[in-house]
Amino acid sequence: MKETQDLFPTRLERKLGMFERIDPVVHSEGAQRTNGPLSKEEVDEFERKGFLSFEGFFDKAEMEAFIQELRDYEDDEDLKLSEGTVLEPGRQEIRSIFGIHEVSERFSRLTRDPRLLAMVQQLLGSDVYIHQSRINYKPGFKGKGFDWHSDFETWHSEDGMPRMRSLSCSIILTDNGEFNGPLMLIPGSHNYFVPCVGRTPQDNYKESLKSQDVGVPDDNSLRKLMLEGEIEAPKGPAGSLVMFECNTMHGSNINMSCWPRSNLFFVYNSVENTLHDPYCGNKPRPEFLANRSDWNPLKPVDT
């Protein structure tokens, strides 16, 4: 892949202060901005906060087949040995399954659900493809948390994603409540890029997917963002949806309850924002983390 100017320097030896975003948040313009399923108010909210949430976006009955497939994966010993499956540190419980749309035809069709695609295209202003997909598990009592981070910081540094023109759709597969470690986001944090300190080791993903040490924002920057925007944790039953911008700071706590928490993530990237060489200077991460083989636009299919 060709090299391009690095507009978002990070993973440096010395701390560089956070700076204001240079890319649009909503990439469609004029009439196209509201030419889609999202209302003007919803588009404006996404632009302001960096995320939208929809309680019960999919019917629970619609989700039942996905939830059963999820249960089957938990007992699949072969899947646990797959490179795209990450186990909890020191345990045999699954933490994440990456490339889920490659594993399952049912989940693959869900990435192309017309309701999702229309909203994503409206916000990104172009056709899109799947950069990454995954399921994050949090078993009752045992599920670990995910530290505060910007996805874009990792995708830019380790995958070579040049600009902020992607977003994630998080679909709740099991009820997300106050006590089982729901996704937390900092409203407005997407308007700043926070460079991180520390060079990226080769094959950093092998450790960072279990416990992230590199690419973690500093406390002072997080404090500033939290004091400006506070923290929100959208909750809801299975079938609820959270769409969040690629640079929105997010994380989650450990699951201290008996209720498991499982969320599905589809990462959509603009076909006009395809990957270059990783900006950290390392070799590209595996395909299950960063799709480099198929950047063809997704076409809607009924699920």
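The values are calculated or read from the model by the stated rules, or taken from the named source; none is laboratory data. Note that the coordinates shown come from a computational prediction; the quantities given were computed from them, not determined experimentally. When we count neighbours, we look across all protein chains shown, and the Cβ atoms used for this are built from the backbone with ideal geometry, even at glycine. SASA here: full protein model, heavy atoms, side chains in, ligands and nucleic acids out. Shrake-Rupley method; radii C 1.70, N 1.55, O 1.52, S 1.80 Å.
Could you sort PHE57, PHE193, PHE179 by their accessible area in this structure, using a 1.4 Å probe and putting the largest first?
PHE179, PHE57, PHE193
If one puts a single equal scatterer on every Cα of the range 1-98 and applies the Debye formula without solvent, what log₁₀ I(q)/I(0) results at q = 0.15 Å⁻¹?
Log10 I(q)/I(0), no solvent term: -1.03.
For the range 89-147, how big is Rg over Rh, using alpha carbon atoms and the Kirkwood form of Rh?
1.09
Can you pull out the trypsin sites (Lys or Arg not before Pro) in the range 57-91 that DSSP calls coil and that have at most 15 other Cβ atoms within 10 Å?
ARG91
What does the accessible area of ARG48 come to, in Å² to the nearest 10, when a probe of 1.4 Å is used?
Estimated to the nearest 10 Å², ARG48 gives 150 Å².
Where q = 0.17, 0.20 Å⁻¹, what log10 of I(q)/I(0) comes from the Debye formula for the range 13-163, counting one point per Cα?
Summing over Cα pairs of the range 13-163 leads to -1.27, -1.42.
Relative to the Cα centre, what is the charge dipole magnitude of the range 61-125, using +1 at the beta carbon of each Lys and Arg, -1 at the beta carbon of each Asp and Glu, and rounding to the nearest 20 debye?
Charge dipole, the range 61-125, about its Cα centre: 420 debye, nearest 20.
Extent of the range 186-258 along each principal axis, from alpha carbon coordinates, in Å, largest to smallest?
Principal extents (largest minus smallest coordinate, Cα): 39, 32, 22 Å.
What ranking do 27-38, 135-146 get when scored by the average of other Cβ atoms within 10 Å per residue, highest first?
So the order, starting with the most tightly packed, is 135-146, 27-38.
List the residues, sorted by chain then number, that are 5 or more residues from GLY236 or on another chain and whose placed amide H is less than 5 Å from its amide H.
Amide H neighbours of GLY236: ASN176.
Largest first and to the nearest Å, give the Cα extent of the range 103-248 along each principal axis.
Answer, in whole Å and largest first: 40, 38, 34 Å.
Relative to the Cα centre, what is the charge dipole magnitude of the chain, using +1 at the beta carbon of each Lys and Arg, -1 at the beta carbon of each Asp and Glu, and rounding to the nearest 20 debye?
Magnitude of the dipole: close to 460 debye.
Cα convex hull of the chain: mean projected area in nm², to one decimal? Mind dumping the intermediate values first?
Numbers: hull surface 59.0 nm².
Taking the Cα atoms of the chain, their convex hull projects to 14.8 nm² on average.
Residue by residue, what Karplus-based ³J(HN,Hα) values in Hz, rounded to whole numbers, does the range 43-53 have, using 6.51, -1.76 and 1.60 with θ = phi - 60° and x for Gly and Pro?
Result, rounded to whole Hz: 4, 4, 5, 4, 5, 7, 9, x, 6, 9, 10.
Just from its helices, what would the mean residue ellipticity at 222 nm be for the chain, if runs of 4 or more DSSP H residues each count -39500 (n - 2.57) and the sum is divided by every residue, rounded to the nearest 500 deg cm²/dmol?
Result for the chain: -6000 deg cm²/dmol, rounded to the nearest 500.
Give the residue from SER221, ASN247, HIS149 lying farthest towards the positive end of the charge dipole for the chain; charges sit on Cβ (+1 for Lys and Arg, -1 for Asp and Glu) and the dipole is referred to the Cα centre.
Towards the positive end, the residue furthest out is SER221.
What's the magnitude of the charge dipole for the range 91-209 around its Cα centre, counting Lys and Arg as +1 and Asp and Glu as -1 at the beta-carbon? Answer in Debye, nearest 20. The partial results should precede the final answer.
Numbers: 14 positive and 14 negative charges, 33 e Å.
My answer is approximately 160 debye.
So for the chain, averaging the separation of alpha carbon pairs under 8 Å that are six or more residues apart and normalising by length, what relative contact order in percent results?
Computed over the chain, the figure is 34 percent.
Give me the mean projected area, in nm² to one decimal, of the convex hull enclosing the Cα positions of the range 32-84.
6.3 nm²
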